[in-house]
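One structure is given below, encoded as structure tokens.
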Amino acid sequence: MGEPHKDDIFYLLDIPIANVTRQRALAMIWSSLEKPDVSEMHFVNAHCINVAAKDPSYLSVLKQAKAVFADGTGIRKAGEKLSHPIVDNVNGTDMFPLICSECKRTNKKLYLLGGKPGVAEKSATWANEYAQSDIIAGFHDGFFTEEQTEGLLVQINASKADLLLVGMGVPKQELWLHTHLSKLTVPVVMGVGALFDFYSGTVSRSPVWMRKLGIEWVWRLMIEPRRMWRRYIIGNVAFLMRIEKIRREQRKERQEL
């Protein structure tokens, strides 16, 4: 249940995306808790692919990660167009309750890092209440200076957390984790984007029916138009054009064989 089979890997920009269910993703995360090295695991959606296409450092981090999970409608549509159907929407926000429950069952602990002051703390409270157990090893907001970083790393390691969830936005969270990976002793580290904003109640999540239809992005655009319009209006078009280009290139390669 640890590593996905090679046929379960979907490549975008040479990023190996694990095409697995949420339960399989959870099993992959937990199997990595027993590995001697720190495992980087991340989620990618259409916006992440757009950023990776322009940011070589971020792209490199994703290529090297222990696991990258398929997040959102954009990746599902890419799978459809590239003849590799995506089996599940494995996003951090929906995975969080599963992770919390599994922490309780296996006696593991989380450290939450990111968000504005108070956001990670409220998310930690939600996690403990949901799991009905003390599963939080520690938390800290995402506003700290370079000079404070060393102390924060010491604090995270001293907490004896099993999983470190970092919500600083893409690509900052992944680059920060990769930069400081050698100084971390937490078995699994993950970039989780806006997860803490949702579970702290800072940002409301879309209704379930919108999530089922795969239009959660419309809700985000409605409640945060100034911040999100470029990502979703321009970004979605750019992503679809990028996928279409990849599809044409793959078709041409097949014809030349």
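Some points to look at:
- Among residues other than Gly115 with Cβ under 13 Å from its Cβ, the summed charge is 0 (Lys and Arg +1, Asp and Glu -1).
- Summing charges over neighbours of Ala78, with a neighbour being any other residue whose Cβ is under 12 Å away from its Cβ, gives +3 when K and R count +1 and D and E count -1.
- Here is the list for the stretch 126-208: chymotrypsin sites (Phe, Trp or Tyr not before Pro) lying in DSSP coil, each with at most 14 other C-beta atoms within 10 angstrom of its C-beta, are Phe143, Phe144.
- Values of log10 I(q)/I(0) for the stretch 106-180 across q = 0.26 Å⁻¹ run -1.33, by the Debye formula with one identical scatterer at each alpha carbon and no solvent.
- Among the listed pairs Lys77/Lys212; Lys35/Lys109; Lys66/Lys245; Lys63/Lys252; Lys116/Lys160, those beyond 20 Å (Cα-Cα): Lys66/Lys245; Lys63/Lys252; Lys116/Lys160
- Two-decimal log10 I(q)/I(0) for the stretch 1-96, as the Debye equation yields it once each C-alpha is a single scatterer, q = 0.18 Å⁻¹: -0.78
- Of all beta bridges that DSSP places with both ends in the chain, some 15 percent have antiparallel geometry.
- Residue-averaged 222 nm ellipticity for the chain, from DSSP H runs of 4+ at -39500 (n - 2.57), nearest 500: -15500 deg cm²/dmol
- The ellipsoid equivalent to the alpha-carbon distribution of the stretch 155-257 has semi-axes of 32, 24, 13 angstrom, derived from the gyration tensor eigenvalues as √(5λ) and listed largest first.
- Note, ³J(HN,Hα) from phi for the stretch 154-160, Karplus 6.51, -1.76, 1.60, rounded to Hz, x at Gly and Pro: 4, 4, 4, 5, 5, 5, 6
- Counted charge near Tyr58, where neighbours are those whose Cβ lies closer than 11 Å (Asp, Glu -1; Lys, Arg +1): +1
- Cα-based Kirkwood hydrodynamic radius, the chain, one decimal, Å: 18.8
Coordinate-derived values only; no laboratory data. Nothing here was measured: the structure is a model prediction, and the numbers come from that model. FYI the Cβ positions are ideal-geometry reconstructions off the backbone, even for glycines, and counts take in every protein chain you see.
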